[in-house]
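Undergrad: Please find one structure pasted underneath; my questions will follow.
The values are calculated or read from the model by the stated rules, or taken from the named source; none is laboratory data. Please read all numbers here as calculations on a predicted model, not as lab measurements. Cβ sites come from the backbone with ideal geometry, for glycine too, and all protein chains shown count toward neighbours. The accessibility values were calculated without ligands, DNA or RNA, using every heavy atom of the protein model including side chains. Shrake-Rupley method; radii C 1.70, N 1.55, O 1.52, S 1.80 Å.
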Amino acid sequence: MFRRCSQTCPTAGDVVTTGSVRPVVLRNNVRIEDPLRVVLGYLEAWRFEVSDPSRPASFDESDLRLANRGGARISAAEIAAILERRRAIEQALRGIASSASLAARQDAVPWPTLTRLFDAFADIRGVGFSKMTKALHPKRPALIPMLDSVVQAYLQDDDLGAQASFGERALALVRGYKRDLDRNSAAVRAVRQEIATRGHALTEVRILDLLIWSVQAAA
């Protein structure tokens, strides 16, 4: 999660370079020539919120408040409705290792359990993919991308539409996200390693999210 600070956010069109990481190629052959610079720019401009790593299988109001500090805008009524599903949410979380990563091999990603986790949020008025994943991303930051409106628009070709269940639709978007992550695995991993040497910790999932955002900001 993040909170915007006062600085201007970077875009993929900025010209300052760091020059050590290969380009990232997004859909429609959009190239980000210096992904490291873009991510470092966001790290300077935004304050990132993190969840309590000692609570990987719990889910309560504090997780939803954390999401709101990151801009989720989950109302009091929506918080109450989500917490009615707490048992199902926590049951699914217990079935997903805290270290689970979308950057892992396809067969190592816990797709069925992830579907159950997403389905636990189905049919809650006012709660869609954006609010759900902003609440869940800190619980499994290497696995669950934040499917906000920007990322959903980017992944629109992967949306199964209203005929699919809530969980199936969300999972299809995450599968599409993984394909982009896999195509750019070397570059995204290099960014993660480089920012770690500068004292920052972001997962590959979060890095790709920032790069997608940078392209939209430059559009």
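Undergrad: Where Rh is the Kirkwood radius over the Cα pairs of region 101-172, the temperature 4 °C and the viscosity 1.567 mPa s, what D in µm²/s does Stokes-Einstein return?
TA: Using the Kirkwood radius from Cα pairs, D works out to 103 µm²/s.
Undergrad: Something else: Based on the Cα coordinates of the chain, what is the per residue volume of their convex hull in Å³?
TA: Details: hull volume 26.2 nm³, N = 219.
It is 120 Å³ per residue.
Undergrad: Moving on to the next point. For a quick check of your reading of the filter: which trypsin sites (Lys or Arg not before Pro) in region 161-210 sit in a DSSP loop and have no more than 14 other Cβ atoms within 10 Å? Walk me through the numbers on the way to the answer.
TA: Details: sites: ARG169, ARG175, LYS178, ARG179, ARG183, ARG189, ARG192, ARG198, ARG206; in loops: ARG198.
Filter output for region 161-210: ARG198.
Undergrad: Next question, about the same structure. In nm, to one decimal, how far is the GLN106 label point from the ASP157 one, both placed 7 Å along Cα→Cβ?
TA: Spacing of the two 7 Å Cα→Cβ label points: 1.7 nm.
Undergrad: Add -39500 (n - 2.57) for each DSSP H run of 4 or more in the chain, then divide by its residues: what number comes out at 222 nm, to the nearest 500 deg cm²/dmol? Provide the component values of the computation, followed by the final result.
TA: Working: 10 runs with 105 residues, N = 219.
The per-residue figure over the chain is -14500 deg cm²/dmol.
Undergrad: For region 77-167, state which trypsin sites (Lys or Arg not before Pro) are in a DSSP loop and have at most 11 other beta carbons lying within 10 Å of their beta carbon. Walk me through the numbers before you get to the answer.
TA: Working: sites: ARG85, ARG86, ARG87, ARG94, ARG105, ARG116, ARG125, LYS131, LYS134, LYS139; in loops: ARG85, ARG105, ARG125, LYS139.
Passing sites in region 77-167 are ARG105, ARG125.
Undergrad: Turning to a different aspect of this structure: Multiply the residue separation of GLN216 and SER185 by 0.36 nm, subtract the distance between their alpha-carbon atoms, and state the gained length in nm to one decimal.
TA: Stretched fully, the GLN216-SER185 segment lengthens by 9.1 nm.
Undergrad: Right, another one. Ordered by residue, what ³J(HN,Hα) values in Hz, to whole numbers, does region 32-46 give under the Karplus form 6.51 cos²θ - 1.76 cosθ + 1.60, where θ = phi - 60° and Gly and Pro are x?
TA: With coefficients 6.51, -1.76 and 1.60, one gets 10, 5, 10, x, 4, 4, 4, 5, 4, x, 5, 5, 7, 8, 10 Hz.
Undergrad: Working out 0.36 nm times the residue gap between SER75 and GLU33, then minus their Cα-Cα distance, what length gain in nm do you get to one decimal?
TA: Full extension from SER75 to GLU33 adds 11.2 nm.
Undergrad: Looking at region 65-155, which GluC sites (Glu not before Pro) are in a loop (DSSP not H, G, I, E or B) and have at most 14 other Cβ atoms within 10 Å?
TA: GLU84
Undergrad: Where in region 76-100 does the amide nitrogen come within less than 19 Å of the point 7 Å from the Cα of ARG65, taken along Cα to Cβ?
TA: 76-86
Undergrad: Treating cross-link reach as a plain straight distance, find the lysines whose alpha-carbon is under 19 Å from the alpha-carbon of LYS178, omitting any fewer than eight places away in the same chain.
TA: Once the sequence-local lysines are set aside, what remains near LYS178 is LYS134, LYS139.
Undergrad: Express the carbon and sulfur contribution to the solvent-accessible surface of the chain as a percent, rounded to the nearest whole number, probe 1.4 angstrom.
TA: Values: 5020 of 10430 Å².
It is 48 percent, rounded to a whole number.
Undergrad: Now, a different point. For the chain, report the accessible area per residue in Å² (1.4 Å probe, heavy atoms, rounded to an integer).
TA: Values: 10430 Å² over 219 residues.
Value for the chain: 48 Å² per residue.
Undergrad: Could you work out how far apart the two model spin labels at HIS200 and PHE48 are, taking each label as a point 7 Å from the Cα in the direction of the beta carbon, and quote it in nm?
TA: 0.7
Undergrad: Can you give me the Cα centroid spacing of region 136-191 and region 56-81 in angstrom?
TA: Here the answer is 21 Å between Cα centres.
Undergrad: Quick check: residue separation of ARG175 and ARG22 times 0.36 nm, minus the Cα distance between them. What number comes out in nm?
TA: 52.7 nm
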